[in-house]
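The structure under discussion appears below in the form of structure tokens.
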Amino acid sequence: MMQKIWRFIPTFPCIFKLATNLYCPACGGTRAALAFLRLDFLTSLKCNPTFTYLVLIAGWLAVGAAVRKTGKGTGEIFRFRMWMLYVGLAIFFGFGILRDIGLYFYHYDYLGDFY
């Protein structure tokens, strides 16, 4: 099933990776999404934890929307907060930097695109 879907997803080279021989912070996002769909959460986190974080935040906000829609409460705790964005950006850039440090200094390439 995934092979049929994969044929329709266009692939473009990562300009950052071509220019610097390092991964951009978004590299591994598609692999993380596919691993998440296979319910392989550990691999999804290893490929790029930003995707898992986005799924969790979207679920959290969807619960709040459902609570407000049913009229069972205000769902105030489930509303978007700026700290959610800041944590997401920290995960996005922090993981990208740590992964590139491992790649450049220790030749650790989990995604397998360079070594």
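Coordinate-derived values only; no laboratory data. Since the model is a prediction, treat every value here as computed from it, not as a measurement. Here the Cβ is made from the backbone with ideal geometry for all residues, glycine too, and neighbour counts use every protein chain on show.
Remark: C-alpha extents of region 1-67 on the principal axes read 47, 28, 21 Å, sorted largest to smallest. Please work out the FRET efficiency for the pair residue 97 and residue 39, using the Cβ-Cβ distance as r and a Förster radius of 30 Å; give the result to the nearest 0.05. According to the calculation, E is roughly 0.55.
List the aspartates and glutamates whose Cα lies under 20 Å from the Cα of residue 46, skipping any in the same chain that are fewer than 8 positions away. Partners found: 100, 109, 113.
Pairwise Cα distances in the chain exceed 19 Å in 57 percent of cases.
Anything in the chain that counts as a DSSP H helix reaching 18 Å or more along its axis (C-alpha) with Kyte-Doolittle mean of at least 0.5? List them, would you? List each step's numbers first, then the result.
Details: long enough: 49-70 (32 Å, 1.06); 82-106 (35 Å, 1.41).
Membrane-span-like by this criterion, though nothing is claimed about a membrane: 49-70, 82-106.
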